[in-house]
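See below for the structure under consideration.
The values are calculated or read from the model by the stated rules, or taken from the named source; none is laboratory data. Model, not experiment: these values are computed from the prediction. Cβ: placed from backbone, ideal geometry, glycine included. Neighbour counts: every protein chain shown. Protein only, heavy atoms only, side chains kept; ligands, DNA and RNA dropped before computing areas. Shrake-Rupley method; radii C 1.70, N 1.55, O 1.52, S 1.80 Å.
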Amino acid sequence: MQVKELQLDDWVYGIDGAGGKHPSVISAVDIYPTNKTPRIVTLGGYGYQQEQLEPIPLTQAILAANFGKKNNTGLYGISDDYYDFDIYEINDGTYLARYHNCEMSSIPDEQVLVCYVHQLQHFMRHCLIEEDIRL
């Protein structure tokens, strides 16, 4: 992963020296003083180089833990008076996320393909949906 793909509060896997993967939330980006390369700092205070990061694949289990199921077709999402947000799997590991503004019909609907948790987080932030993703 490249640092430019990430934002604060994104979920990623941090890979330790033994090859273990640890789900981590990004809390800061800084520069290693010795080699001047970017370092991702997680909520636990551990720093990772970009080579030590992997995206977390989006799964049905993550969707079920974070969104209500809308019907029996595998559609998950959020609906309220202001917007409708839907997400469903279109292919193995590829999901379509859709946003519709219910208040202002002049705002066009948006949709994006996502495969990883951080991509879903970015789209939700873009749509001003202030929901935290839990793993």
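Can you list which of the GluC sites (Glu not before Pro) found in region 3-110 are DSSP loop residues with at most 14 other C-beta atoms within 10 Å? All intermediate terms of the calculation are to be shown ahead of the outcome.
Numbers: sites: Glu5, Glu51, Glu89, Glu103, Glu110; in loops: Glu103.
Taking region 3-110 and a limit of 14 other Cβ atoms within 10 Å, the loop GluC sites (Glu not before Pro) found are Glu103.
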> In terms of solvent-accessible area of protein heavy atoms at a 1.4 angstrom probe, what is the ranking of Ile78, Ile31, Ile56, highest value first?
Replying inline: Ile31, Ile78, Ile56
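Looking at the chain, identify the longest residue range that excludes and avoids all chymotrypsin sites (Phe, Trp or Tyr not before Pro) in DSSP loops having at most 16 other Cβ atoms within 10 Å. Write out the running numbers ahead of the final one.
Numbers: sites that count: Tyr46, Tyr82.
Formally, the longest exposed-site-free interval is 83-135.
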> Excluding same-chain residues fewer than 8 positions from Lys4, which lysines have a Cα within less than 24 Å of its Cα?
Replying inline: Lys21, Lys36
> When Cα extents along the principal axes in Å is calculated directly from the model, which label among (1) 61, 29, 27; (2) 53, 30, 23; (3) 38, 32, 30 fits?
Replying inline: (2)
> Once every DSSP H run of n ≥ 4 in the chain is given -39500 (n - 2.57) and the sum is divided by its residues, what mean residue ellipticity at 222 nm do you get, rounded to the nearest 500 deg cm²/dmol?
Replying inline: -3500 deg cm²/dmol
> Cα-based Rg of region 94-133 per 2.2 N^0.38 Å, rounded to two decimals?
Replying inline: 1.19
> Which of Ser27, Ser79, Ser105 moves the most in a Gaussian network model of the chain with Cα springs under 10 Å?
Replying inline: Ser105
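Arrange the residues Asp109, Asp30, Asp92 by how much accessible surface each exposes, largest first, with a 1.4 angstrom probe. Could you put the intermediate results ahead of the total?
Numbers: Asp109 95, Asp30 50, Asp92 140 Å².
Ranked from most to least accessible, the order is Asp92, Asp109, Asp30.
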> Where does the charge balance sit around Val112 when Lys and Arg score +1, Asp and Glu -1, over other residues with C-beta under 13 Å from its C-beta?
Replying inline: -1
> Leu135: accessible area at probe 1.4 Å, nearest 10 Å²?
Replying inline: 90 Å²
> Could you give the distance between the Cα centres of region 1-32 and region 103-135, to the whole Å?
Replying inline: 21 Å
